[in-house]
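The structure is given below, and queries will be raised subsequently.
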Number of protein chains: 2
Amino acid sequence: LPAETQSAHTQSPNTQFIEVVLVSPRNPLNIGAAARAMANFGFAHLSIVAPYEPHWREARSAIGAPDLLQNAKESATLAEAVAGCTLVIGTATLAHRKPEQKVVPLPALPPLVQQELNRAGRVALVFGPEKHGLTREDLSWCHLLVEIPTDPCQPSMNLGQAVAVCLYELSSHAFSSQGATPHVGAGASESKAAAPSGTLDLLAAVIEETMVAARYSPHSMHAANRHDLRLLLRRLSPTQRDARRILGLFRRILWRLRQIPKGN
Amino acid sequence: LPAETQSAHTQSPNTQFIEVVLVSPRNPLNIGAAARAMANFGFAHLSIVAPYEPHWREARSAIGAPDLLQNAKESATLAEAVAGCTLVIGTATLAHRKPEQKVVPLPALPPLVQQELNRAGRVALVFGPEKHGLTREDLSWCHLLVEIPTDPCQPSMNLGQAVAVCLYELSSHAFSSQGATPHVGAGASESKAAAPSGTLDLLAAVIEETMVAARYSPHSMHAANRHDLRLLLRRLSPTQRDARRILGLFRRILWRLRQIPKGN
């Protein structure tokens, strides 16, 4: 990736394997503020999901907009944006919601991210739209949720400020633990890295096909089952290698199930 | 002070003895953002020094402006604003300046503030105007300077974001010393507990049967495969509830596989 090489000298070794993902941001000032906070704390990889085009164009062309806005990745869906990531972290205000995943307070997040980077993973930090935040479906792509400890009377933060606070916490940790373990080389690391989100989606699709073929679910797959399966796979968080083995098993089962004669 | 009494119940005991001082802020959006961050992190005492009147009026009358903007203290000089404080902390980007005071990186600040509050002190955290920051004269009212550890290539932060990051660091420290337990939902214990070893063994047996039925492994199960499967399930470490769901899925598949007529 040229962008990585280009700006490698300005980044902490850790931050270049962390992506900041903004889902449908509306306010160009907020997009700009998020990008500025990224530049302040040495993060280079911005990913925008389903942006509102006029505002996105405005944010990119703003005077003094950091380069990383030009290099931002655009995706139609969150699934696509995080397909290459092994640890997807959603940001959420949980005041009125019962979370389905593990919730980590922000001050406790850095060691978890560090751990993932140590095993050559790639991390995504996902922020929702200003008004409503991430939807329940968005959150089903997340391995865990992070919560900024705010005052219960005023829990909802401005997007640009939330990004700044999260990146500060991650980078100040990265800077302070200067001994931050270098990226483990390929080879040994492969077997320990968590499977990226895209692999989990592929696995979910094959399991779903198998369930249908086994007539597991009377009305094939309800949306609710699909949602639960997505969450389940992220809780299990198999390594890439394990994910491939599970995939192989289900493909074999599926192949065998399809040999059942019609009408049986 | 009536403002203190009024909102004391929403604040951490620490934050009510900390004042946020903005010196000559220009942009009403930044004033609003600073106030919002204060509300998010439970700070109530805002002090404005020599504001540019039209912008200050605009910020106060903005829709949704937090109450603390109405209660803000106005002073003509920084000296006046911090007169009641026992520890005055200046925020500064020190790239081009030789500091005359002790400089503390932000992550190291909370214990110093805590120490001051423990001895019944009153703390001011002072932010300069957007363009130039605090002047050398302003800084001369400060006991120490705090520096947010930013990237050397892009050290200068947006005012609203700098306030958010500083208050986050101070308040998350305050909250964490409360013994604030991480979010654990009621009744969540059952679903979060890892499945006991016996359940994993049962699961392994059913998966093994399924593999044989699907003719996945030509020589049924080798000892090595069984060993790997056992390790795999422990790496995944499903919860008791998830283990039961996976078991249900495999039992269903197995049942279906057994409907394949002999010889197929």
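The values are calculated or read from the model by the stated rules, or taken from the named source; none is laboratory data. Predicted model only: the values in this text are computed from it and were never measured. Virtual Cβ from ideal backbone geometry, glycine too; neighbours counted across all protein chains shown.
Determine if segment B:47-62 includes at least one residue that is in contact with a Cys (Cβ under 7 Å, 6 or more places away or on another chain), surrounded by 21 or more Cβ atoms within 10 Å (Cβ to Cβ) and more than 14 Å from every other protein chain (Cβ to nearest Cβ).
Step one: of segment B:47-62, the residues in contact with a Cys (Cβ under 7 Å, 6 or more places away or on another chain) are none.
Within segment B:47-62, not a single residue is in contact with a Cys (Cβ under 7 Å, 6 or more places away or on another chain), surrounded by 21 or more Cβ atoms within 10 Å (Cβ to Cβ) and more than 14 Å from every other protein chain (Cβ to nearest Cβ).
For residues that are in a strand (DSSP E or B) and over 23 Å from A:Leu106 (Cα atoms), tally how many sit in segment A:52-91.
Looking only at segment A:52-91, we keep the residues that are in a strand (DSSP E or B), and these are A:73-75, A:87-91.
Those still in the list that are over 23 Å from A:Leu106 (Cα atoms) too: A:73-75.
Of the residues in that region, 3 qualify.
Then there is this: Find the helices (runs of 4 or more DSSP H) located wholly in segment A:126-241 whose residues include 1 or more that are farther than 28 Å from A:Ile48 by Cα and modelled with pLDDT of 90 or more, and list them. Walk me through it before giving the result.
On the way: elements: A:136-139, A:159-176, A:197-213, A:223-236.
Because the criterion is at least 1 residues that are farther than 28 Å from A:Ile48 by Cα and modelled with pLDDT of 90 or more, the helices (runs of 4 or more DSSP H) in segment A:126-241 that meet it are A:197-213.
Could we say that A:Gly32 is within 14 Å of chain B (Cβ to nearest Cβ) and either hydroxyl-bearing (Ser, Thr, Tyr) or part of a loop (DSSP other than H, G, I, E, B) (or both) here? Can you show your working first?
Values: within 14 Å of chain B (Cβ to nearest Cβ): yes; either hydroxyl-bearing (Ser, Thr, Tyr) or part of a loop (DSSP other than H, G, I, E, B) (or both): no.
Spelling it out, it is not the case that A:Gly32 is within 14 Å of chain B (Cβ to nearest Cβ) and either hydroxyl-bearing (Ser, Thr, Tyr) or part of a loop (DSSP other than H, G, I, E, B) (or both).
Got a number for residues in segment B:247-264 being aromatic (Phe, Trp, Tyr) and facing another protein chain (nearest Cβ under 7 Å)?
So in segment B:247-264, the residues aromatic (Phe, Trp, Tyr) come out as B:250, B:255.
Subsequent filtering for residues that are facing another protein chain (nearest Cβ under 7 Å) retains none.
Adding up the residues that qualify gives 0.
Enumerate the pairs (first residue in segment B:129-147 and β-branched (Val, Ile, Thr); second residue anywhere and in a strand (DSSP E or B)) with beta-carbon separation below 7 Å, excluding pairs fewer than 6 apart on the same chain, so at least 6 apart or on different chains.
B:Val146/B:Ile89; B:Val146/B:Thr91; B:Val146/B:Val104
Right, here's the next one. Scanning for something in contact with a Phe, Trp or Tyr (Cβ under 6 Å, 6 or more places away or on another chain) and either under 20 Å from B:Ala37 (Cβ atoms) or not acidic (Asp, Glu) (or both), does segment B:89-110 turn up at least one residue? Working first, answer last.
Quick first cut of segment B:89-110, residues in contact with a Phe, Trp or Tyr (Cβ under 6 Å, 6 or more places away or on another chain) only: B:91.
Cutting the leftovers down to either under 20 Å from B:Ala37 (Cβ atoms) or not acidic (Asp, Glu) (or both) gives us B:91.
Yes, there is a match, as at least one residue in segment B:89-110 is in contact with a Phe, Trp or Tyr (Cβ under 6 Å, 6 or more places away or on another chain) and either under 20 Å from B:Ala37 (Cβ atoms) or not acidic (Asp, Glu) (or both).
Looking only at residues in segment B:119-169 that are of a type in the set (S, T, N, Q) and surrounded by fewer than 20 Cβ atoms within 10 Å (Cβ to Cβ), which one is nearest to the other protein chains (Cβ to nearest Cβ)?
Out of the qualifying residues, it is B:Gln154.
Where residues in segment B:37-58 are in contact (Cβ under 8 Å) with a residue 40 or more places away in the chain and over 20 Å from B:Val88 (Cβ atoms), which of them is nearest to the chain's Cα centre (by Cα)? Spell out how you get there, then give the answer.
Of the residues in segment B:37-58, the ones in contact (Cβ under 8 Å) with a residue 40 or more places away in the chain are B:37-38, B:40-45, B:47.
Now drop any that are not over 20 Å from B:Val88 (Cβ atoms), which leaves B:40, B:42.
Numbers: B:Asn40: 11, B:Gly42: 13 Å.
Among them, the one singled out is B:Asn40.
Another question, then. Could you list, in sequence order, the residues of segment B:63-93 that are more than 14 Å from chain A (Cβ to nearest Cβ) and among the hydroxyl-bearing types (Ser, Thr, Tyr)?
B:Ser75, B:Thr77, B:Thr86
Another question, then. Can you tell me which residues in segment B:92-118 are in a helix (DSSP H, G or I) and either aliphatic (A, V, I, L, M) or surrounded by 15 or more Cβ atoms within 10 Å (Cβ to Cβ) (or both)?
Initially, segment B:92-118 is screened for residues in a helix (DSSP H, G or I), giving B:106-118.
B:Leu106, B:Pro107, B:Ala108, B:Leu109, B:Pro110, B:Leu112, B:Val113, B:Gln114, B:Glu116, B:Leu117 - these are the residues of segment B:92-118 that are in a helix (DSSP H, G or I) and either aliphatic (A, V, I, L, M) or surrounded by 15 or more Cβ atoms within 10 Å (Cβ to Cβ) (or both).
Considering (1) at pLDDT below 85; (2) within 14 Å of chain A (Cβ to nearest Cβ); (3) within 17 Å of B:Arg122 (Cβ to Cβ), say which one B:Thr10 fails and leave the rest.
Failed condition: (3).
When segment B:230-246 is examined, which residues are found to be at the interface with chain A (Cβ under 7 Å from one of its Cβ atoms) and of a type in the set (Gly, Ala, Ser)?
None; the set is empty.
Please state which one of B:Ala65, B:Ala83 is at pLDDT below 90, surrounded by fewer than 21 Cβ atoms within 10 Å (Cβ to Cβ) and touching a helix residue (DSSP H, G or I) at 6+ places or on another chain (Cβ under 8 Å).
So the residue among B:Ala65, B:Ala83 that is at pLDDT below 90, surrounded by fewer than 21 Cβ atoms within 10 Å (Cβ to Cβ) and touching a helix residue (DSSP H, G or I) at 6+ places or on another chain (Cβ under 8 Å) is B:Ala65.
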